[in-house]
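The values are calculated or read from the model by the stated rules, or taken from the named source; none is laboratory data. What you see is a predicted model, and the numbers here were worked out from it, not measured in a lab. Methodologically, a virtual Cβ is constructed for each residue, glycine included, from the backbone with ideal geometry; neighbour enumeration extends over all protein chains shown.
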Amino acid sequence: MAETDNSALQIGVIGSGSMGSGIAQVAAQAGHVVYLFDKNPQALQRAREQLQSVLQRQVDKGRLQQAEAGEVLGRIRFVDSIYDCLPAGLVIEAIVEDLGIKRAVFEQLDDIVSPDCVLATNTSSLSIASIAAACNRPERVLGLHFFNPAPLMKLVEVIPAVQTGDDICRRALQWMRDWGKTPVLARDTPGFIVNRIARPFYGEALRILEEGQADVSTIDWAMTELGGFRMGPFTLMDFIGNDVNYKVTESVFQAFFYDPRYKPSFTQKRLSEAGFLGRKSGRGYYDYSDDGHLAPPNKDEALGKDIVWRILVMLINEAADALFWKIATRDDIELAMTQGVNYPKGLLAWADDKGIAHCVETLDRLYDEYREDRYRCSPLLRRMAREGKTFF
Ligand SMILES: NC(=O)c1ccc[n+]([C@@H]2O[C@H](COP(=O)([O-])OP(=O)(O)OC[C@H]3O[C@@H](n4cnc5c(N)ncnc54)[C@H](O)[C@@H]3O)[C@@H](O)[C@H]2O)c1
């Protein structure tokens, strides 16, 4: 429970799917009254049942008193009209990822809530500026990007649009701290921080697979056992869903005006088209059926180290480039990747450990070999190597 008294500020949450209900729980646990609205009554009912069982599990595990769980749930009003969100001082939208639908909701919200109510979107990939532009008061709109599951993941990317007022951004950062979250400030650019920098974790692993350098289980083994990542890229893509992961990659690629660095993979596109979506469909890169068997990894340490380094150097390049383009500060980039996607170490600190010059040499070698812009080294890394600088 937050130390600040949050009862005065009421929160509206639009959309009661996985993100909306998680955000409602976070706000209610921080002491706010929450109006959780969904246009689909079944989704609202599902959210109510899920929140009940999530809170009950916390009670069973001794993390929450029974009375407290009742109070948290009691603070969440499951409402079937957007007009019920009228008393809110902050509304967070978490509906379907569709610009037209989101803009229509913001236009309506802008009309009905009080003039000083802050409007936030949880979009993963859309432009905050274009959502804000649907409102007569665009200065009160910003992005608040929570991670899934919202109650467990500490990171929140706070994204002001060009229209957003400075005071709105400051207030949002403070609210997130009050909710026990770790907010980082990100520029309104495709993928913000995490979904931009993390692309090579999937994309470069897919390249290694497509080139036949190693199979799925060997790449996953190398990244977890040798790289220290919690999940290998293929296990993670199967977990997220190949349809969802492919869509994010495609939308980042398009939003970057088709920069080849973010080019999606045919392998993943085909799996997605075939309905091999991962865990949820029983088959993805792995077969999850009862008689499905797993090819054992080839635990060749030299090969494993090559795999880890090729993926890691591409991640480092993205992190450095995000810093170069001032997408976020050095410290926020490190926080985002360690808390948003649980990387074992900040990528910029990792770059220092490996040696900036070594990163540049590897990227240049890859670029020479493939002659693809995908492998172009960030100007920041090259400059730092020349000047003998480190990130920390
Ligand atoms: N799932 C994730 O991992 C994740 C992580 C971060 C951000 N996001 C973003 O959060 C948003 C929601 O994602 P989700 O995974 O919770 O989706 P979801 O499909 O689980 O839930 C969306 C909900 O919005 C409701 N809805 C749709 N249109 C509506 C409208 N006009 N008015 C009211 N309710 C409406 C739907 O009925 C549904 O219950 C998306 O923008 C997504 O990109 C998702």
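What to note about this one:
- Considering Arg371, Arg365, Arg330, the condition of being basic (Lys, Arg) and touching a helix residue (DSSP H, G or I) at 6+ places or on another chain (Cβ under 8 Å) is satisfied by Arg330 alone.
- Pairs with Cβ under 6 Å, 6+ apart, first in region 357-368 and in contact (Cβ under 8 Å) with a residue 12 or more places away in the chain, second of a type in the set (Lys, Arg): Val360/Arg382
- Residue match in region 361-378 (condition: in the same structural domain as Met314 (by TED's automatic domain parsing) and within 30 Å of Lys154 (Cα to Cα)): yes
- In region 304-359, the residues that are modelled with pLDDT under 95 and of a type outside the set (Val, Ile, Thr): Gln339, Gly340, Asn342
- For region 89-114, filtered to residues that are assigned to a loop (DSSP other than H, G, I, E, B) and of a type in the set (D, E, K, R), the residue that is farthest from Leu44 (Cα to Cα) is Asp98.
- Of all residues making up region 339-359, the number that are assigned to a helix (DSSP H, G or I) and either out of contact with any Lys or Arg (no Cβ under 7 Å at 6 or more places or on another chain) or within 13 Å of Thr390 (Cα to Cα) (or both): 12
- Applying a threshold of 7 Å to beta carbon distances and a minimum spacing of six or more residues, or different chains, the list of pairs starting in region 143-164 at a residue that is within 9 Å of Ile128 (Cα to Cα) and ending at one that is modelled with pLDDT under 95 and basic (Lys, Arg) is empty.
- Put simply, of Lys247, Lys299 the only residue that is of a type outside the set (Gly, Ala, Ser) and modelled with pLDDT of 95 or more is Lys299.
- Residue-level check: of (1) within 12 Å of the ligand (Cβ to nearest atom); (2) in contact with a helix residue (DSSP H, G or I) (Cβ under 9 Å, 6 or more places away or on another chain); (3) over 20 Å from Gly180 (Cα atoms), Val113 misses just (1).
- Helices (runs of 4 or more DSSP H) contained entirely in region 1-85, each with at least 3 residues that are assigned by TED's automatic domain parsing to the domain that holds Glu97, within 16 Å of the ligand (Cβ to nearest atom) and surrounded by 15 or more Cβ atoms within 10 Å (Cβ to Cβ): 18-29, 41-60
- Residue within region 295-306 that is among the aliphatic types (A, V, I, L, M), in a helix (DSSP H, G or I), free of Cβ contacts under 8 Å to residues at least 24 places away in the same chain and surrounded by fewer than 24 Cβ atoms within 10 Å (Cβ to Cβ) present: yes
- Within region 146-157, none of the residues are away from the ligand (no atom under 16 Å from the Cβ), basic (Lys, Arg) and not assigned by TED's automatic domain parsing to the domain that holds Glu250.
- Qualifying residue in region 88-103 (condition: outside the structural domain of Arg177 (by TED's automatic domain parsing), surrounded by fewer than 18 Cβ atoms within 10 Å (Cβ to Cβ) and among the charged types (D, E, K, R)): no
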